[in-house]
Amino acid sequence: MKRFVLYTMMMVLFSACAWSRGDVRETQDPGMGPDSRVSTPAEKHASSIGKPLVSDKKNESMDVMSNAGDILREGIAIRSYEYAPAEFFELILAYLEMQNAYIDGDTQGLSLLNQRFDLMAKKTRRMTVGGKQRRLEQLGQEVEQRRDEIKNQGHSDIFEVYSSIHVVEKGETLPGIATRPEVYNDSFMWPLIYKANRDQIKDPKIIYQGQSLKIPRDISMDEIVEARREAGASDPEELPEDAFLPRRKK
């Protein structure tokens, strides 16, 4: 079933690309067919009267199909097929109905189908956003559960999962990095990071995005207390409950 859905998506996307590029053209040779005789000037004038109107309607129909194709590609880009599969598959079927109406020259039917398509597209986007949000919440719960499991194993095991390198992100500061749960979970420990990276940090107030900073782990309680004192902690020896602690000696 999954392969069938993916195959259908590929075929529809290919078709949608053709609409957006304007590759769908009349293929009949005007000089072929049973009515290929040369028209008289009067006949040509009479037949040309309705052509601009027909041409305008056809251009409008092609714009409708092109826009629908763009919406489908957007759905694929945001992975609606994963987070809202039922709604996205219905959207594909609606697009195929629009194709049939276009081929049949049914401009009125195409207009009605396009209105329904737009409503379905909005629903698909909404369901996709909701699906992603639920997935993030699920991942958050899994992380919390894993964190509790690690905490119950004792601090010596927690030490093993702490990273010894942190890559600076945009807008970060040393106190902010030290506050992160996977670093020290205590902003007042930032002097430890500064001292370990004096080779690339000249001013503790200035760090740059992309820097790889060493996070000291083999440290003593005395060093932690001294760092907290330097950072201005009101009670340097009173660490936060979940703050990083050095590995206990066995």
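Readers should treat all values here as calculations from the given coordinates under stated rules, not as data from a laboratory. All of these numbers come straight from a predicted model, not from anything done at the bench. Quick reminder, even Gly has a Cβ in these numbers, built from the backbone with ideal geometry, and neighbours come from all protein chains shown.
For segment 216-230, what does the Karplus curve 6.51 cos²θ - 1.76 cosθ + 1.60, with θ = phi - 60°, yield as ³J(HN,Hα) per residue in whole Hz, taken in order and with x for Gly and Pro?
Rounded to whole hertz, the list is x, 10, 7, 10, 9, 5, 4, 5, 5, 5, 5, 5, 5, 5, 5.
Short version: ³J(HN,Hα) in whole Hz for each residue of segment 60-68, in order, from phi by Karplus 6.51 cos²θ - 1.76 cosθ + 1.60 (θ = phi - 60°), x for Gly and Pro, what are they?
4, 5, 5, 4, 4, 5, 5, 5, 5
Per 0.36 nm of contour for each residue apart, how much would the distance between residue 200 and residue 163 grow if the chain were fully extended, relative to their Cα-Cα spacing? Working shown, then result.
Numbers: separation 37, 0.36 × 37 = 13.32 nm, distance 1.90 nm.
The span from residue 200 to residue 163 would gain 11.4 nm if fully extended.
What distance in nm separates the simple spin-label points at residue 79 and residue 56, each placed 7 Å from Cα in the Cβ direction?
If labels sit at residue 79 and residue 56, their model points lie 4.6 nm apart.
So how do 206-218, 178-190 stack up, highest first, on mean other-Cβ count within 10 Å?
Numbers: 206-218: 14.0, 178-190: 20.6.
Order by mean packing, descending: 178-190, 206-218.
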